[in-house]
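See below for the structure under consideration.
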Amino acid sequence: MLKTGGLTPFSTGDYPGKLAAVIFVQGCPWRCTYCHNPHLQERTSASPLVWSDILSWLQRRTGLIDAVVFSGGEPTMDPALPDAMRTVRELGFHIGLHTAGIYPRQLAAVLPLADWIGLDVKAPPHRFDEITRSTGSAALNTASLRLLLDSGKEYECRTTAHPSLFSTDELLLLAQQLAQQGVTRYALQVVRQQGCRDEQFAPSAAGAFPAFPAPSFVEQLRRLFPHFILRKNNGGV
């Protein structure tokens, strides 16, 4: 059964244009410093929430919400994800997936089951391993991005940013690289302090950068992507 670490009953921001429930799956091998769900990084011996109970709850929500989003942690880490997605789809819900593209092969297996995918692109390739604290992470993410773009599925690529993490030049380089690869939907998300254990991103530190990102930089990104959104007070997977 799917190992679930949390549930958000109603969300308007996790699946564009739809009212969704969000299921948080346990486990992630990356250790991004700004992670606002660090309690989901480990896969514990017991699941905090029982999957059968979640399914019963979803059955009672049919007609009240439009979609169910599988988030994490890294949901593709769980071998029970494909069956869970099929079961929820059979209840009549649209299926969303939040992923960092850590497991391209597993992503390929569940892409046909998803209606919309949010893919985290953590950093420019030369900074990727530093941000994730995992060797070879950039190549995995790039492979997953290619799978996603080739699938024809609805999607959003997004990067979580903070002025202490990336320079404007680095973020612009990443955005240009994504546009060249064919990305048309992109979101820049400012680090969310809620739940983050790293003092570098505490609210007091964030207050030192009230104008981040600068309007002129945001305009550059808008010119690169047909669909661009800036999110503040929000974080990545």
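Listing for the model above:
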read-out	value
Accessible area per residue in Å² at 1.4 Å probe, computed on the stretch 1-117	41 Å²
Nearest 10 degrees, 0 to 90: helix 215-224 Cα axis against the chain principal axis	60 degrees
Accessible carbon and sulfur surface of the stretch 1-122 relative to its total accessible area, %, 1.4 Å	54 percent
Compactness of the stretch 37-112 - radius of gyration and Dmax, Cα, Å	12.8, 34
Degrees separating the helix 81-90 axis from the principal Cα axis of the chain, which is the longest one	70 degrees
Exposure of SER47 as accessible area (Å², to 10), given a probe of 1.4 Å and all protein chains	40 Å²
Length-normalised contact order of the chain in % [C-alpha pairs under 8 Å, at least 6 apart]	19 percent
Per residue, the convex hull volume that the Cα atoms of the chain enclose (Å³)	118 Å³
Rounded to whole Hz, the Karplus (6.51, -1.76, 1.60) HN-Hα couplings of the stretch 18-25, x for glycine and proline	9, 7, 10, 9, 10, 9, 9, 8
Extension gain (nm, one decimal) between SER167 and ALA46, 0.36 nm per residue minus Cα-Cα	39.5 nm
In Å², nearest 10: area of THR8 left accessible to a 1.4 Å probe	50 Å²
Dipole of the chain [Lys/Arg +1, Asp/Glu -1 at C-beta], most positive-end residue of ILE54, THR132, PRO75	ILE54
Built amide H within the under 5 Å cut-off of ALA161, gap 5+	GLN189, VAL190, VAL191
Most to least accessible of HIS162, HIS94 (protein chains only, probe 1.4 Å)	HIS94, HIS162
Intensity falloff of the stretch 33-169 expressed as log10 I(q)/I(0), Debye formula with alpha-carbon point scatterers, at q = 0.11 Å⁻¹	-0.45
Förster radius 35 Å - calculated FRET efficiency between ARG133 and ILE229 (Cβ-Cβ, nearest 0.05)	0.80
Principal-axis tilt of helix 137-151 within the chain, Cα atoms, nearest 10 degrees	70 degrees
Projected-area mean, the stretch 98-158, by convex hull of Cα positions, square nanometres	3.7 nm²
Residues with amide H under 5 Å from that of TYR103, placed H, sequence gap 5 or more	none
Calculated over the stretch 3-70: convex hull of Cα atoms, volume per residue (Å³)	83 Å³
Mean ellipticity per residue at 222 nm, deg cm²/dmol - from DSSP H runs of n ≥ 4 across the chain, formula -39500 (n - 2.57)	-9500 deg cm²/dmol
q = 0.19, 0.24, 0.32 Å⁻¹: log10 I(q)/I(0) that the Debye formula gives for the stretch 126-173, counting C-alpha atoms only	-0.77, -1.02, -1.17
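The values are calculated or read from the model by the stated rules, or taken from the named source; none is laboratory data. Everything numeric in this text was worked out from a predicted model, so none of it was measured. Every residue, glycine as well, gets a Cβ built from its backbone with ideal geometry; the counts of neighbours run over all protein chains shown. Calculation scope for accessible area: heavy atoms of the full protein, side chains included, ligands and nucleic acids excluded. Shrake-Rupley method; radii C 1.70, N 1.55, O 1.52, S 1.80 Å.
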